[in-house]
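Remarks on the structure that follows.
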Amino acid sequence: MTFSFRQGWLLIPSLLVAFAAAAELAARLDDLMRYDVPVFAAPLAGYDLIVRDSATIRGRPYGRFEKIQLNAAGFRGPPITPVPTAGCIRVMVLGSSESIVGGEEAGTEYPARMQQALDRRGCFEVQNAAVSGLNIGRITLLWNDWAARWSPNVVVIYPSPAFYLLPEGPDYPTRALPQVRPPAWWTPRIAARLSGQSFWPDFLAKRSLRRDIARKVAGQRRGWEYRAVPGSRLALYQGHLDSLVVAVEASGAEAVLVTHANRFPDPPAGEDELLLLGWARDSRARPRVILDFEHAANAAMVAVARRRDAMLVDAAGRMSGRREWFTDFSHFTREGRAVLGDLVADSVAALVARRAADGDDTSP
């Protein structure tokens, strides 16, 4: 029996389907062995770890995804009660994706490193309430509607200035968010593994990003693209940050502000172009303006800290430009998370010691 050329072509779709099925089965077996996820389950971080409570986005109580296990409040941290244990300082971290880690690195976030560093200095309990994608407006809503009720003594705030350069400026949300439905059991898991992979050489990736940016700008009115730091957006950032600090201090907690660090030296080098273009693709600003806005936003944070007598941690001054501490433009490597965790822990311990010397009840 001869095998024709036409029969060979007809066999290709079957081989592709078999390959895809085998890859999907391998992904599910891998999840079963590494994370104890049932083969016929449909894990989704955006559902398993997140609750949309009206307009508030917060962690799901007892949420679990891969190696991530949230506590009763939906925070990454030790078991939690409504008030801290007598003699213990509860430290809460508010922020966005820079403050959390997934996959095999889960549990190595800089707040977890803070816990390790503070354990040597007394009774501290670090609760990480950060949620990916939150600007300061949404962080404030999270604080007012949920996080404040867990009575932290110290609140560490690490916001992302780049949200204030998106096409639509952030504000305080009022509309209830649509609920996220759990995916069907047959939702492919292999797609999630491939979504973060780049299969293009750098020069083609840069060309694609430049094309995307050009199309984005071409569809807008003249002057829409920010070619210098926009004063209105900077004022919005500073106003939102100031209001968050006021809300934290009104609860009786101490605010600790952390300047935003990124991997780029000033000026950036040619090797930074790809990541800068990726940062600019969804922004209203040019790459250079994003970096200038980072500097301006950090200066605005310094001003807020002085006005509100809040502790300031200059992470940007210590870490920016150290490429080995970043996985991309602003997210940290394991080493970078350790550096930031130790840096913030030192400041928290110093704040508590200072308040103790002053006779303040922030200290245990």
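The values are calculated or read from the model by the stated rules, or taken from the named source; none is laboratory data. None of these values were measured; they are calculated from a predicted model. Counting neighbours? That spans all protein chains shown, and the Cβs are built from the backbone with ideal geometry, glycine included.
Within the group Arg354, Arg318, Arg323, which residue is in contact (Cβ under 8 Å) with a residue 60 or more places away in the chain and either surrounded by 17 or more Cβ atoms within 10 Å (Cβ to Cβ) or not aliphatic (A, V, I, L, M) (or both)? Spell out the reasoning first.
Numbers: Arg354 fails: in contact (Cβ under 8 Å) with a residue 60 or more places away in the chain; Arg318 fails: in contact (Cβ under 8 Å) with a residue 60 or more places away in the chain.
Criteria check complete, one pass: Arg323.
Residue selection: Asn128 satisfies the criterion of being closer than 27 Å to Met319 by Cβ, surrounded by 20 or more Cβ atoms within 10 Å (Cβ to Cβ), of a type in the set (S, T, N, Q) and free of Cβ contacts under 8 Å to residues at least 60 places away in the same chain.
Within region 332-353, the set of residues being assigned to a helix (DSSP H, G or I) and either hydrophobic (A, V, I, L, M, F, W, C) or within 18 Å of Cys88 (Cβ to Cβ) (or both) comprises Ala338, Val339, Leu340, Leu343, Val344, Ala345, Val348, Ala349, Ala350, Leu351, Val352, Ala353.
Looking for something of a type in the set (Ser, Thr, Tyr), outside any helix (DSSP H, G or I) and either at pLDDT below 95 or over 16 Å from Leu70 (Cα atoms) (or both) - is there at least one such residue anywhere in region 126-141? The answer is no; no qualifying residue exists. So, of the residues in region 244-295 that are assigned to a helix (DSSP H, G or I) and of a type in the set (Val, Ile, Thr), which turns out to be nearest to the chain's Cα centre (by Cα)? Per the stated criteria, the residue is Ile290.
Considering region 221-243 alone, what residues qualify as being at pLDDT 95 or above and of a type in the set (Gly, Ala, Ser)?
Narrowing region 221-243 to residues at pLDDT 95 or above: 224-243.
Result: Ala228, Gly231, Ser232, Ala235, Gly239, Ser243.
Looking only at region 96-115, residues that are surrounded by fewer than 24 Cβ atoms within 10 Å (Cβ to Cβ), among the small types (Gly, Ala, Ser) and modelled with pLDDT of 95 or more come to 3 in all.
Among the residues of region 303-331, those that are closer than 17 Å to Val156 by Cα, outside any helix (DSSP H, G or I) and touching a strand residue (DSSP E or B) at 6+ places or on another chain (Cβ under 7 Å) comprise Ala310, Met311, Leu312, Val313. Only one of the numbered conditions (1) in a loop (DSSP other than H, G, I, E, B); (2) modelled with pLDDT of 95 or more; (3) under 24 Å from Gly223 (Cβ atoms) is violated by Ala300, and that is (1). Counting residues in region 132-147 that are among the charged types (D, E, K, R) and closer than 30 Å to Arg284 by Cβ gives one or more. Every condition in (1) assigned to a loop (DSSP other than H, G, I, E, B); (2) out of contact with any Lys or Arg (no Cβ under 7 Å at 6 or more places or on another chain); (3) surrounded by 22 or more Cβ atoms within 10 Å (Cβ to Cβ) is met by Asn71 except one, and the failing one is (3).
Just one of the listed residues (Ala338, Ala255) is closer than 30 Å to Val83 by Cα, buried (at least 21 other Cβ atoms within 10 Å of the Cβ) and out of contact with any Pro (no Cβ under 8 Å at 6 or more places or on another chain), namely Ala255. The set of residues in region 279-313 that are out of contact with any His (no Cβ under 9 Å at 6 or more places or on another chain), buried (at least 18 other Cβ atoms within 10 Å of the Cβ) and not aliphatic (A, V, I, L, M) comprises Trp279, Ser283, Arg284, Arg286, Pro287, Phe293. Take Leu118 and decide whether it is crowded, with 22+ Cβ neighbours inside 10 Å, under 27 Å from Asn262 (Cβ atoms) and out of contact with any helix residue (DSSP H, G or I) (no Cβ under 9 Å at 6 or more places or on another chain). In short, no.
Could you pull out the residue among Ala162, Ala176, Ala218, Ala192 that is within 27 Å of Glu104 (Cβ to Cβ) and modelled with pLDDT of 85 or more? Show your work before the answer.
Values: Ala176 fails: within 27 Å of Glu104 (Cβ to Cβ); Ala218 fails: within 27 Å of Glu104 (Cβ to Cβ); Ala192 fails: modelled with pLDDT of 85 or more.
Exactly one of Ala162, Ala176, Ala218, Ala192 is within 27 Å of Glu104 (Cβ to Cβ) and modelled with pLDDT of 85 or more, namely Ala162.
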